[in-house]
Amino acid sequence: IVRGADPQSNTYLYDDLPILYAYHLDGLTSVIHNDLIKSIDLYRGAFPANFNNATGGIIEIETIDSVQKAKGAFQVSLWNTTAYAATPLANGKGYVAVGGKYGYLDRTLGQSGLLPDGIRLPRYNDSQVKFVYNFSPEHQISFYNLTAQDNFAIAAPNNGANDPTKDAFSSFAGGRAS
């Protein structure tokens, strides 16, 4: 929340490209791999003129701008797996950086039996690819590919008796998903 605005009022930019949503369904996991991020700038008010339609705030994400040597990272946790790789190309004239996540909380915690039947926890994945080639110090070409997908399912049983004291879904009564 920036200055009291809802998340849809904020503008998220990834190297000046707008992204429609910056977080997965859980609201905690970014759709951008951490190792691709060089800096994040937050504008809460008095936006520069190039941010014409923002009403809540501007979150400007700047990604890495060079790769000097090949590197990578891989992480496995209870709720997701992330991977990252970057390498220079063409004798240092360019580079490619790739990152991604796969979330599977539905297959770990969801299989524990702690949740009522019919609820599947969110599952998500994302990927980012950045390819840069420098023709000269003044001329550069960049290609980006950003993908993200989230899904969630609930199959509430049909209760004919409507007894909230015996309904496993009663704790979700009055809930709202958006």
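Hey, what's the Cα Rg ratio for region 74-145 versus the globular rule of thumb, 2.2 N^0.38 Å?
1.68
Once you sort the root eigenvalues of the Cα gyration tensor of region 19-124 as a ≥ b ≥ c, which label holds: rounded (a/c under 1.5), prolate (a/b larger than b/c) or oblate (the other case)?
The shape class here is oblate.
Would you mind putting 130-136, 140-146 in packing order, based on average other-beta-carbon counts within 10 Å, highest first?
Final packing ranking: 130-136, 140-146.
If Lys and Arg each add +1 and Asp and Glu each add -1, what is the summed charge of the other residues whose beta carbon sits under 15 Å from the beta carbon of residue 84?
It works out to a net charge of +3.
Can you tell me what percent of all Cα-Cα pairs in region 1-45 are more than 17 Å apart?
So the portion of pairs separated by more than 17 Å is 36 percent.
Placing +1 at every Lys and Arg Cβ and -1 at every Asp and Glu Cβ, with all other atoms neutral, what dipole size does region 11-135 have around its Cα centre, in debye to the nearest 20?
Here region 11-135 has a charge dipole of around 340 debye.
Using per-residue counts of other Cβ atoms within 10 Å, averaged over each peptide, order 21-33, 95-107 from highest down.
Per-residue Cβ counts within 10 Å, averaged per peptide and sorted highest first, yield 95-107, 21-33.
Between rounded, prolate and oblate, where does region 35-92 land on the alpha carbon gyration tensor, with a ≥ b ≥ c its root eigenvalues, rounded for a/c under 1.5, else prolate if a/b exceeds b/c?
Because a/c hits 1.5 or more and a/b fails to exceed b/c, region 35-92 counts as oblate.
For residue 101, list the aspartates and glutamates whose Cα falls under 18 Å from its own Cα; do not include residues on the same chain fewer than 8 positions away.
26, 35, 126, 150
Every read-out reported here was derived from the displayed coordinates using simple, explicitly stated rules and does not represent laboratory data. Quantities reported herein were computed from a predicted structural model and do not represent experimental measurements. Cβ sites come from the backbone with ideal geometry, for glycine too, and all protein chains shown count toward neighbours.
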